[in-house]
Amino acid sequence: MSKRDGGGAIRIAVMATSAVRRAKLESIVRSQAEFQLAGSFEAVASLMSFAHSTELDVIVIDSDLIHDLLVQPTSGGAIVLLTEVSHARSISRLLRSGVRAILSRESDPDDVLSAIYAAYDGLVLLGAATAESLAAVYGDLPLEVEEELSEEITCGSPKVDRQMRTDDI
């Protein structure tokens, strides 16, 4: 269910160390009538301090320095990260720390808007390179391991059904 049904502005803060990139993010946010630019920051520490004292719906960060994101929890705003970080382990840690969208820093404004909406709605959105990096982690697994992973994800897995039939006899 979309949170957009509740009405009101979507409160967004942006952060980029580059003034040019920050202005671009501000412009993207201001392009949508339903968005409210709540703050604009040059440093993650300033943004996180602001986020702890202000109710935000989405936080958009343009940075390749992920360390600050991993050690400073947010106050509940969904994070959209524009970055060139592509290492699968780093991506996994970012997703576990609350980042809801990861796109290339060179993403076009429509992609950034899609990421903001997805994050706001509680979804996870990954750019193609990010998704490929995560998928590559499983590319070298033997077929049996891939089948086990698939079965664990599937609700009515054949493995469970076979076990139930055997136990019923």
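The values are calculated or read from the model by the stated rules, or taken from the named source; none is laboratory data. From a predicted model like this one, the values you see are computed outputs, not experimental measurements. Backbone-built Cβ (ideal geometry, glycine too); neighbour counts: all protein chains shown. Protein only, heavy atoms only, side chains kept; ligands, DNA and RNA dropped before computing areas. Shrake-Rupley method; radii C 1.70, N 1.55, O 1.52, S 1.80 Å.
Details
- Volume in Å³ per residue [convex hull over Cα atoms, computed for segment 5-58]: 63
- V20 accessible area, 1.4 Å probe, all protein chains in place, Å² to nearest 10: 120
- Point-to-point label distance, L123-E106, nm (Cα→Cβ direction, 7 Å offset): 2.5
- Computed accessible area, E132, all protein chains, 1.4 angstrom probe, square angstrom: 120
- Distant-in-sequence amide H partners of L125 (H built 1.01 Å from N, under 5 Å): A101, I102
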